[in-house]
Every structure is written in C-alpha cells, then in structure tokens.
Amino acid sequence: MTVLAHSSAAEIEEHWKAVRQPSFQWVRRPEQGAAMARARASGTGVLFNLGEVAVTRCSVQIESGEVGVAYVLGRSRRHAALAAIFDGLMQHEMSTGGNEIAPRIDALAEAAEERRRAIIREAYGSKVDFFMVTTG
C-alpha cells in the first residue's frame with residue numbers, strides 16, 4: 001500500500017492499462033478529507049501537530065470478493081480508486097497464487113526508489129564541506 005500511495009496516479013494508470021480489469025463495486029466512493037500531519041523536532045523530539053494535509057480515501061470490492069482500501073495524499077480521486085482496486089487485486093493474487101499484480105507493484109517500487117536516489121544525488125551535489133583553518 002505504501003508503494004501505491006507514494007506512486008503518482010499517472011504511474012499507476014500506466015500499469016492499470018496492462019492488467020485484466022476486474023469488475024468491482026464501490027464500498028466507499030473516493031472522498032476527500034483532511035488528516036493531521038504530526039512531526040518531531042529534529043526527528044527525535046516531542047511530537048507536535050505540523051498541520052493538516054488533504055487525503056483521499058476509497059474502498060472497493062472486486063468481483064472475487066476481496067475488499068481493497070486506499071488512502072492517498074492529495075485530492076486525486078482516480079489515484080485513490082486505482083490504488084484501492086490494486087489492493088483488492090493483490091489480496092486476490094495472494095490467495096490464489098497468481099503473478100500478475102506483484103511485478104507491477106515491484107516496478108512501481110523500483111521507480112520510487114530511483115526517484116529517492118535522484119533526490120539524494122541532487123542534494124549531495126550541493127554538499128559543502130566546512131573545515132577549520134588555524135594559523136600559527
């Protein structure tokens with residue numbers, strides 16, 4: 001679910017076009033709301049409320065009976081719906097031993113890891129080493 005939530009709607013849409021598209025029923029249509037984001041000072045301090053973020057949630061029941069649920073940051077109803085359907089398909093695949101969805105999720109995870117590496121490379125390129133020069 002983390003991979004689906006962190007992937008863009010366009011990336012999921014690309015994989016959606018390549019899989020068998022099941023029929024499904026809405027348990028909860030995509031709806032938008034807000035959630036409180038919490039943080040820690042310096043990453044280890046006391047928790048505090050950072051502020052509210054937009055969240056979209058969705059639940060579907062696919063034709064085989066599994067219920068897929070998704071919560072994604074932002075206001076993309078399509079992103080939440082596709083993530084929920086993929087969640088239901090992953091559950092079905094795990095119970096039947098299929099292998100259609102797992103490679104798609106792996107590809108999305110690989111793309112997310114490459115984005116993370118690109119951010120690290122960009123940040124490392126601006127790294128400055130400070131050192132003390134002493135006289136005498």
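Helical runs (DSSP H, four residues minimum) scored at -39500 (n - 2.57) apiece and divided by the length of the chain put the mean residue ellipticity at 222 nm at -13500 deg cm²/dmol. When peptides 69-77, 32-40 are sorted by average Cβ neighbour count within 10 Å, with the highest value leading, the order is 69-77, 32-40. Restricting the stretch 1-90 to GluC sites (Glu not before Pro) that sit in a DSSP loop and have at most 15 other Cβ atoms within 10 Å of their own Cβ leaves E63. Here's the picture: charge each Lys and Arg Cβ at +1 and each Asp and Glu Cβ at -1 in the chain, and of F130, G51, G88 the one pushed furthest to the positive end of that dipole is G51.
Listing I105, I120, I85 from fewest to most neighbouring C-beta atoms within 10 Å gives I120, I105, I85. For F86, neighbours were defined as the other residues whose beta-carbon sits under 13 Å from its Cβ, and their charges (Lys and Arg +1, Asp and Glu -1) total -4. The ranking of L82, L50 from fewest to most other beta carbons within 10 Å of each one's beta carbon is L50, L82. Shape of the stretch 50-102 from its Cα gyration tensor (a ≥ b ≥ c, root eigenvalues): rounded if a/c is under 1.5, otherwise prolate when a/b > b/c, or oblate? Verdict is prolate for the stretch 50-102.
When the square roots of the Cα gyration tensor eigenvalues are ordered a ≥ b ≥ c, the ratio a/c for the stretch 56-136 is 1.5 or more and a/b exceeds b/c, which makes its shape prolate. Per-residue extension of 0.36 nm, minus the Cα-Cα distance of E113 and L50, leaves a gain of 20.1 nm for this segment. What does the C-alpha gyration tensor say about the overall shape of the stretch 1-123? Classify as rounded when a/c is under 1.5, otherwise prolate if a/b is larger than b/c, or oblate. It comes out oblate by the Cα gyration axes.
Charged neighbours of V67, selected by a Cβ distance under 15 Å, balance to -1 (K, R count +1; D, E count -1).
If you plug the beta carbon distance of T2 and D129 into 1/(1 + (r/R0)^6) with R0 = 41 Å, you get a FRET efficiency near 0.75.
Values quoted throughout were computed directly from the atomic coordinates according to the rules given, and no laboratory measurement underlies them. Keep in mind it's a predicted model, so treat the numbers as computed, not measured. Note that we place each Cβ from the backbone using ideal geometry, even for glycine, and neighbour counts take in every protein chain shown.
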